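To keep things clear, I will list the structure first and then write my remarks on it.
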Amino acid sequence: MRIDCPHCGSRDIQEFVYRGDASVSRPDPDGEDALKHFVDAVHLRTNPAGFHSEHWYHSGGCRSWVTVVRDTLTHEIESVGFANEEIDR
Amino acid sequence: MRYSAFSLFRETLNKHRGWKPTWRDATPKSTYDVIIIGGGGHGLATAYYLAKEHGLTNIAVLEKGWLGSGNIGRNTTIIRSNYLLPGNQAFYELSMKLWEGLEQELNYNAMVSQRGVLNLFHSDGQRDTYARRANSMRLHGVHSALLDADEVRRMVPILGFEEARFPIKGGLWQARGGTARHDAVAWGYAHAADMRGVDIVQNCQVTGFLREGGRVVGVETSRGKIRARKVGMSVAGSSSRVAAMADLRLPIESQVLQAFVSEGIKPKIPCVVTYGAGHFYISQSDKGGLVFGGDLDGYNSYAQRGNLPTVEHVLEAGMSMMPSIGRVRMLRSWGGIMDMTMDGSPIIDRTPVEGLYLNGGWCYGGFKATPAAGWCFAHLIARNEPHPSAAAMRLDRFATGHILNENGRGAQPNLH
C-alpha cells in the first residue's frame, strides 16, 4: 500500500502511522448525555466493509495528518487530503 | 459414524471404500430453536454444547461459505492459558481443560499436542512482569514456571542467546500449553454436533434479521427466511457487518493479521516460543514446517491479505530471536480478519436486541478459546445468563469501565 501524501507525493505506508476512523468527532462536553456520547465516540465504530475514511499521520515524512478514503475490501485508496481540509468524496 | 481402531481396521480390509462424510450437508428447515450464525470453530462448538449440555435438539449452524473457511483455518494453532487478568485467566483455563479431553469428547483426532508454551524475557523488568503473570496463573490453580537462561538453552538451543541487544534471560513456561490441528477442531465439532442432530447448513449467507416488536425472531438468508427463538452470532472478523444488520455498532475494528509457514525442516523447536523483544511467535508443525506470526498490519481491513512491510517486520523479529531462521525458505503466508476490540479482550454477551446474542471480538486469541467460547456461549444462549467463567466479557464494559486490558494500551485496537 502506498499513500499519495498531498505534501510529499506517493510514499510507502511504512512512513505513516494509522490513527483510525476519521468520521469520529469529539462530542460536545456541555451537551446532553455528554458522557454517553464520549463513551460511544471513544469505543464504538461503524467498521465498514468498503470505503472507510481514516486518519494517517505522516510521521516519517512531512508530519501532516491526512484523511484517506480507502476500500477495506481491496486496500484501494480513493482519495487523500489534509485532515484539516474538507475532502471531496 | 463413530471412529475407532476397530473402524479403521474394518475399513482397511474394505480398502477404505466405506467411509462416509463426517457431517450431513443439511438443507435448512423453516424453524429452529436456536440458530448460530457462523460455521467456524466457535459456532460449531456452541451448537455442540447446546445439544450436549443443554438438551436442545433443534439447532442450525449457518455458514456463508464452506465449513471452517474463516479464522479456524487461518490461525497459528496455539493453545494456552497463561493470562494475567482474573476475568480472562479463568476462562482460558476452562478452555485448556476442555482441550485436554477434547478428542475423547468429540470422537475425533484433533492432534492436541501439549508441547508447552515458552514466553522469552530479555530484561529484569520483563522478568518481573512474567513473574507476576506466573503468580497470577498459580493463583488461579494453573501451573506455571519461571525458567532461567540455562533452562531455556537446554530446551531450545537454536535460539539466539548471544544477541547483543536482547539477550535471552529466561522464560515463562506453561507445560500444558501447545498446539492443535486447527481444521480438525472444526471438523471434530462438526462431526460431534452432527451426531447429536445439529443441522450444519453451508453456503447460506445471512442477509438480515427477522424482527417482531424489536425482538429478533429469525434470519433472512440467501436460502430463504429461517425463524428461530434465539440467534447467536459467532462470526469474529465480520461481527460488525452482521451486527449492523440489527442496527448495532460494536466496539470493534476489523484488522488483518498475517501468518506464515516455512518449508519442512528437521525437528528444531520442541514447543511454542514467543519473543519478548518483538512481536513474534513460532512453533513447528508435525510436518516440520515452522509456523509463525507477529503483529497486525494495523489498519482496518476485510481483505484477508496483508502488506509487505508487516511481512518484513515479522521476519526481522524472527531473525533477531533465532538468526538461523534466515536460511529457511518461506513457503506460504496468508491473512485473516480479526475482530479487534477496544481493550484486546473478547465479548460473549447478550445484545441490546432481545433474542440476539454475540460471541465476538476475539482479537488474536480466538483459536485457543474455541472450546470454552462454545461452552460459555451455549450457556448464555440456553440460560440467558453469562457463564461464570465468561462473566467479565461483557459488551457494556467499555461504558462501565470494567475493561479487560491485558497489556494496558487503551482504546486503540491496532495496539492490542
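The values are calculated or read from the model by the stated rules, or taken from the named source; none is laboratory data. In this text the structure is predicted, and so the values were computed from the model without any measurement. With ideal geometry, Cβ positions are generated from the backbone for all residues, glycine too; neighbour counts draw on all protein chains shown. Keep in mind that these areas ignore ligands, DNA and RNA; they rest on the heavy atoms of the full protein, side chains included. Shrake-Rupley method; radii C 1.70, N 1.55, O 1.52, S 1.80 Å.
If the convex hull of the alpha-carbon atoms of the stretch A:2-82 is projected onto planes in all directions, what is the mean projected area in square nanometres? Could the numbers behind the result be given before it?
Working: hull surface 23.5 nm².
The Cα convex hull of the stretch A:2-82, projected and averaged over all directions, gives 5.9 nm².
Check which residues have an amide H placed less than 5 Å from B:ILE200's amide H, if you skip close sequence neighbours.
Close amide H contacts, sequence-distant or interchain: B:ALA26, B:VAL61.
Hey, got the dipole for chain B? About the Cα centre, +1 on K and R Cβ, -1 on D and E Cβ, debye to the nearest 20? Write down the numbers at each step before the final one.
Numbers: 46 positive and 36 negative charges, 198 e Å.
Dipole about the Cα centre, nearest 20: 960 debye.
Within 10 Å of each Cβ of A:48-59, how many other protein chain Cβ atoms are there on average? It would help to have the intermediate numbers written out before the result.
Values: counts 6, 10, 2, 0, 6, 0, 3, 0, 1, 0, 0, 0.
The mean count of partner-chain Cβ atoms within 10 Å per residue comes to 2.
Can you give me the relative contact order of chain B as a percent, contacts being Cα pairs under 8 Å and 6 or more apart?
On the way: 966 pairs, mean separation 91.0, N = 416.
Across chain B, relative contact order equals 22 percent.
Given only helices, namely DSSP H runs of n ≥ 4 each adding -39500 (n - 2.57), what is the per-residue ellipticity at 222 nm of chain B, to the nearest 500 deg cm²/dmol?
On the way: 11 runs with 117 residues, N = 416.
So the helix-based figure for chain B works out to -8500 deg cm²/dmol.
Of all DSSP beta bridges in chain B, what percent run antiparallel (nearest 5)? Mind showing how you got there, number by number?
Working: 50 of 69 bridges.
Of the beta bridges lying entirely in chain B, close to 70 percent run antiparallel.
Out of residues 5 or more away from B:PHE209 or on other chains, whose amide H comes under 5 Å of its own, with H placed 1.01 Å from N in the peptide plane?
B:GLU220
Treating only the Cβ atoms of Lys and Arg (+1) and Asp and Glu (-1) as charged, compute the dipole magnitude of the stretch B:257-416 about its Cα centre; round to the nearest 20 debye.
On the way: 13 positive and 13 negative charges, 108 e Å.
The dipole magnitude comes to about 520 debye.
On a 1.4 Å probe surface of the protein chains, which of B:LEU308, B:LEU210, B:LEU146 comes out largest in accessible area, and what is the full order? Numbers along the way, then the final one.
Details: B:LEU308 135, B:LEU210 20, B:LEU146 75 Å².
Order by accessible area, largest first: B:LEU308, B:LEU146, B:LEU210.
Which whole-number percent gives the relative contact order of the stretch A:2-82, counting Cα pairs below 8 Å spaced six or more residues apart? Please list the in-between numbers first.
Values: 132 pairs, mean separation 24.4, N = 81.
Relative contact order here is 30 percent.
Largest first and in whole Å, give the semi-axes of chain B's equivalent ellipsoid, each being the square root of 5 times a Cα gyration tensor eigenvalue.
Three semi-axes, in Å: 35, 26, 20.
Sequence neighbours fewer than 8 away in the same chain don't count; with that in mind, list the aspartates and glutamates whose C-alpha is under 15 Å from B:LYS20.
The reachable aspartates and glutamates, counting only those whose Cα sits under 15 Å from B:LYS20, are B:GLU11, B:ASP194.
With a 1.4 Å probe and all protein chains kept in place, how do B:HIS143, A:HIS55 rank by accessible area, largest first?
Numbers: B:HIS143 100, A:HIS55 40 Å².
Sorted by accessible area, descending: B:HIS143, A:HIS55.
Can you list the HN-Hα couplings for the stretch B:83-94, worked out from phi with the Karplus curve (6.51, -1.76, 1.60; θ = phi - 60°), rounded to whole Hz and with x for Gly and Pro?
Per-residue couplings from phi come out as 9, 9, 7, x, x, 9, 4, 4, 5, 5, 6, 4 Hz.
Once phi is turned into ³J(HN,Hα) by the Karplus curve 6.51 cos²θ - 1.76 cosθ + 1.60 with θ = phi - 60°, what whole-Hz value does each residue of the stretch B:276-284 show in order, with x for glycine and proline?
So the Karplus estimates, Gly and Pro as x, are x, 9, x, 8, 7, 9, 8, 8, 10 Hz.
Please list 3J(HN,Hα) in residue order for the stretch B:235-248, calculated via the Karplus relation 6.51 cos²θ - 1.76 cosθ + 1.60 where θ = phi - 60°; whole Hz, with x for glycine and proline.
10, 3, x, 10, 4, 4, 5, 6, 5, 4, 5, 9, 6, 10
For the ranges B:120-129, A:23-32, what's the packing order if you count other beta-carbon atoms within 10 Å of each residue, average per peptide, and put the highest first? If you can, show how the numbers build up before the last one.
Working: B:120-129: 16.4, A:23-32: 10.5.
Put in order of decreasing packing, that is B:120-129, A:23-32.
Between 0 and 90 degrees, rounded to the nearest ten: what's the tilt of helix B:124-139 against the longest Cα principal axis of chain B?
40 degrees
Let me know the mean shielding of A:73-83 by other chains, meaning the per-residue number of their Cβ atoms within 10 Å of its Cβ. Intermediate values should be presented prior to the final figure.
Details: counts 4, 4, 9, 1, 0, 0, 0, 0, 0, 0, 0.
Per residue, the number of nearby Cβ atoms from other chains is 2 on average.
Please state the charge dipole magnitude for the stretch A:2-82, taken about the Cα centre, from unit charges on C-beta atoms (+1 on K and R, -1 on D and E), reported in debye and rounded to the nearest 20. Kindly include the intermediate steps, with their values, before the conclusion.
Details: 8 positive and 13 negative charges, 64 e Å.
Computed about the Cα centre, the dipole is about 300 debye.
Within 10 Å of each Cβ in B:252-264, how many Cβ atoms from other chains are there, averaged over the peptide? Each step should come with its number before you reach the end.
Values: counts 4, 9, 6, 3, 2, 0, 0, 0, 0, 0, 0, 0, 0.
Taking all residues of B:252-264 together, the mean is 2.
Quote the accessible area belonging to B:TRP173 in square angstrom, nearest 10, computed with a 1.4 Å probe and with ligands, DNA and RNA left uncounted.
Result for B:TRP173: roughly 40 Å² accessible.
For the protein assembly as shown, which cysteines have no disulfide-compatible partner, meaning no other cysteine Cβ under 4.7 Å?
A:CYS62, B:CYS204, B:CYS271, B:CYS363, B:CYS376
Using the charge dipole of the stretch B:1-113 (Lys, Arg: +1 at Cβ; Asp, Glu: -1 at Cβ; taken about the Cα centre), state which of B:SER69, B:VAL34, B:GLN89 has its Cα farthest towards the positive end.
Of the candidates, B:SER69 comes out farthest on the positive side.
Rank B:ALA390, B:ASN203, B:SER238 by how far each Cα sits towards the positive end of the charge dipole of the protein assembly as shown (+1 on Lys, Arg Cβ; -1 on Asp, Glu Cβ) and give me just the farthest.
The Cα lying farthest towards the positive end belongs to B:ASN203.
Can you give me the % of accessible surface on chain A that is carbon or sulfur? Probe 1.4 Å, all protein chains present, nothing else counted. Display every interim value, and only then the final one.
On the way: 2350 of 5090 Å².
Of the solvent-accessible surface of chain A, carbon and sulfur hold 46 percent.
Which entries in B:LYS52/B:LYS230; B:LYS266/B:LYS287; B:LYS29/B:LYS225; B:LYS29/B:LYS64 show an alpha-carbon gap greater than 20 Å?
Numbers: B:LYS52/B:LYS230 17 Å; B:LYS266/B:LYS287 9 Å; B:LYS29/B:LYS225 9 Å; B:LYS29/B:LYS64 16 Å.
Too far apart for the 20 Å limit: no listed pair.
Considering only protein heavy atoms, with the full assembly of protein chains and a 1.4 angstrom probe, order B:PHE398, A:PHE51, B:PHE9, B:PHE166 by accessible area, largest first. Working shown, then result.
Working: B:PHE398 20, A:PHE51 85, B:PHE9 125, B:PHE166 65 Å².
So, going from the largest accessible area down, we get B:PHE9, A:PHE51, B:PHE166, B:PHE398.
Could you tell me how far the Cα centroid of the stretch A:1-22 sits from the Cα centroid of the stretch B:255-334, in Å?
25 Å
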